[in-house]
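Below is one structure, written out as structure tokens; the observations come after it.
What follows is calculated from the coordinates using simple rules that are stated; it is not laboratory data. Only a predicted model underlies this, so the values are computations on that prediction, with no experimental measurement involved. Backbone-built Cβ (ideal geometry, glycine too); neighbour counts: all protein chains shown.
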Amino acid sequence: MRLRYLAAAPLVAVAMFGTTAAAWPSSTAAVPQAPPALTASALSARYAADALAIGRAQRAAVRDGDRPLAGALARLRTRHVLFFNPNGQGIAAMVIGDLATATRVAILVPGSDTTLATFFSRGAASPGGGAEALAA
């Protein structure tokens, strides 16, 4: 009887830690912004604001000598970006086409090994290139 309790104790501890750790917000996790109204003017304002933020992050990457990230941000800066957060490995939501008038929307979610620096790194095999190929 006591052996069963000993075997179950590590499992209970792991379960408690996992649920408790998931409840604590990560200091590097990005808090998503509310999406803008799907009007041309609201989307244009969001795209412009994010282009400025991407430009600041690009200049910081150049200053830090991070050429892959600076190159990826330069490419991302020319796109319509709905959401951008450079913290940690970075998060971005890129729009291809006209979201305000779209009749169909596809959402591509990159894998956990993708960062802003690798978003366009492998052409059509990377998330950014794959999204552009899908749109084409």
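Quick check on this structure: which one of 62, 81 is surrounded by 14 or more Cβ atoms within 10 Å (Cβ to Cβ), touching a helix residue (DSSP H, G or I) at 6+ places or on another chain (Cβ under 6 Å) and free of Cβ contacts under 8 Å to residues at least 12 places away in the same chain?
62
I'm trying to understand the selection: among the residues of the stretch 105-136, which are among the small types (Gly, Ala, Ser) and assigned to a loop (DSSP other than H, G, I, E, B)?
The answer is 106, 111, 112, 121, 126, 136.
Look at residue 70 and say whether it is within 20 Å of residue 126 (Cβ to Cβ) and without any contact (Cβ under 8 Å) to a residue 40 or more places away in the chain.
So residue 70 fits the description; yes.
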